[in-house]
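Note sheet for the following structure.
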Amino acid sequence: MGLTSAQLDIVDLTPRIGSEIRTDLDTLLSGRAARSIRDTLEQRGVVFFRGLDIDDEQQVAIAKTLGAIPENEGQGGIYKISLDKNVNQRAEYLKGSMFWHFDGSLQPYPNLATLLRAIKLSDTGGETEFCNTYAAYDDLPQADKDYITELRVVHSAERSQYYVRPEMSHEEIAFWQKSPTKACPMVWTHQSGRKSLLLGATADYVIGLPVEESRALLARLRDWATQPQYVYRHEWQPGDLLMWDNTGTMHRVLEYSVDSGRLMHRTILAGEEPLH
């Protein structure tokens with residue numbers, strides 16, 4: 001535990017990832033601590049605030065102190081995460097969030113970060129896990145770093161859907177293949193100079209490697225990055241406001257019942273760093 005400023009009390013939850021930030025609502029809304037929060041988010045991957053009792057407008061206002069919100073993000077900056085099709089028409093697609101992934105691998109500027117607030121929780125499951133892909137890269141043996149430094153991986157929306165529906169119909173495959181693929185570096189060298197692994201459910205194959213070798217490498221690196229020392233599991237409480245650095249983590253939600261009523265309100269911070 002330690003004070004980074006007069007306004008924030010930061011409690012690290014594991015050595016490599018995850019911190020609780022204790023502060024008051026006025027400090028968050030004012031933006032006075034925005035730089036400290038962003039710095040902590042980059043270093044710790046995930047931060048959360050508990051017991052603030054905020055509403056949608058306040059969530060969006062807090063987000064705006066930290067970055068820009070994409071114009072197409074939900075309604076008034078709030079997008080409802082639910083497996084109930086009456087709440088979210090893309091509920092079937094959201095089932096893919098139960099597998100390790102990174103948001104925006106197909107976008108020129110992947111999301112900088114995400115703010116997620118717990119509205120209603122499921123009775124069982126529904127915890128969210130995050131892994132620190134900066135730390136996972138830093139700890140790789142040098143031989144692995146040398147091997148993967150120039151490798152590029154093709155990411156596709158189609159690939160991510162096989163996790164949800166392993167035996168898709170031809171019609172379903174044709175639909176997902178309408179989305180363009182994108183070649184991304186396996187090692188993302190950030191503007192800060194730091195490096196992170198870029199993996200996840202959209203990672204289809206490594207360019208230039210035999211299929212079998214490609215799949216084995218992607219699985220080995222995913223397993224490496226999701227070892228317990230790099231993972232923080234968030235046990236949600238109603239009203240929690242959690243943020244994660246989308247450019248330096250992967251995440252997944254643990255399975256929960258479709259009819260549980262679980263509802264989260266999401267606000268995205270627009271990407272600030274290109275991925276090419």
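Tabulated data for the structure shown
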{"read-out": "Helices (runs of 4 or more DSSP H) lying entirely in the range 1-66 (those with 3 or more residues that are within 18 Å of Ala113 (Cβ to Cβ))", "value": "34-44, 56-66"}
{"read-out": "Residue match in the range 122-136 (condition: open to solvent by 80 Å² or more (accessible area, probe 1.4 Å), within 30 Å of Ser19 (Cα to Cα), hydroxyl-bearing (Ser, Thr, Tyr) and touching a residue at least 60 places away in the same chain (Cβ under 8 Å))", "value": "yes"}
{"read-out": "Unmet criterion (only one of (1) outside any helix (DSSP H, G or I); (2) without any contact (Cβ under 8 Å) to a residue 40 or more places away in the chain; (3) surrounded by 17 or more Cβ atoms within 10 Å (Cβ to Cβ)) for Gly193", "value": "(3)"}
{"read-out": "Any hit, the range 204-213, residues being open to solvent by 20 Å² or more (accessible area, probe 1.4 Å), touching a Phe, Trp or Tyr at 6+ places or on another chain (Cβ under 9 Å) and assigned to a helix (DSSP H, G or I)", "value": "yes"}
{"read-out": "Considering residues of the range 255-269 that are of a type in the set (S, T, N, Q) and open to solvent by less than 50 Å² (accessible area, probe 1.4 Å) only, the residue nearest to the chain's Cα centre (by Cα)", "value": "Thr267"}
{"read-out": "Selected residue (only one of Leu83, Leu116, Leu121, Leu112 is modelled with pLDDT of 95 or more and more than 14 Å from the chain's Cα centre (by Cα))", "value": "Leu121"}
{"read-out": "Some residue of the range 28-47 being without any contact (Cβ under 8 Å) to a residue 60 or more places away in the chain, open to solvent by less than 60 Å² (accessible area, probe 1.4 Å), more than 21 Å from Thr247 (Cα to Cα) and of a type outside the set (A, V, I, L, M, F, W, C)", "value": "yes"}
{"read-out": "Residues (among the aromatic types (Phe, Trp, Tyr) and either in a helix (DSSP H, G or I) or open to solvent by 40 Å² or more (accessible area, probe 1.4 Å) (or both)) located in the range 68-103", "value": "Tyr79, Tyr93, Phe99"}
{"read-out": "Residue selected from the range 154-182 under the condition out of contact with any Asp or Glu (no Cβ under 7 Å at 6 or more places or on another chain), touching a residue at least 40 places away in the same chain (Cβ under 8 Å) and under 21 Å from Arg252 (Cα atoms), by the criterion most open to solvent (accessible area, probe 1.4 Å)", "value": "Tyr163"}
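Okay, residues lined up against (1) hydrophobic (A, V, I, L, M, F, W, C); (2) assigned to a loop (DSSP other than H, G, I, E, B):
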{"position": "Asn111", "(1), (2)": "no, yes"}
{"position": "Tyr147", "(1), (2)": "no, no"}
{"position": "Val154", "(1), (2)": "yes, no"}
{"position": "Arg159", "(1), (2)": "no, no"}
{"position": "Val164", "(1), (2)": "yes, yes"}
{"position": "Met168", "(1), (2)": "yes, yes"}
{"position": "Ile173", "(1), (2)": "yes, no"}
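The values are calculated or read from the model by the stated rules, or taken from the named source; none is laboratory data. The structure displayed is predicted, hence computed values, not measured ones. Neighbour counts run over all protein chains shown; Cβ positions are idealised from the backbone, glycine included. For accessibility, only protein heavy atoms count, side chains too; no ligands or nucleic acids. Shrake-Rupley method; radii C 1.70, N 1.55, O 1.52, S 1.80 Å.
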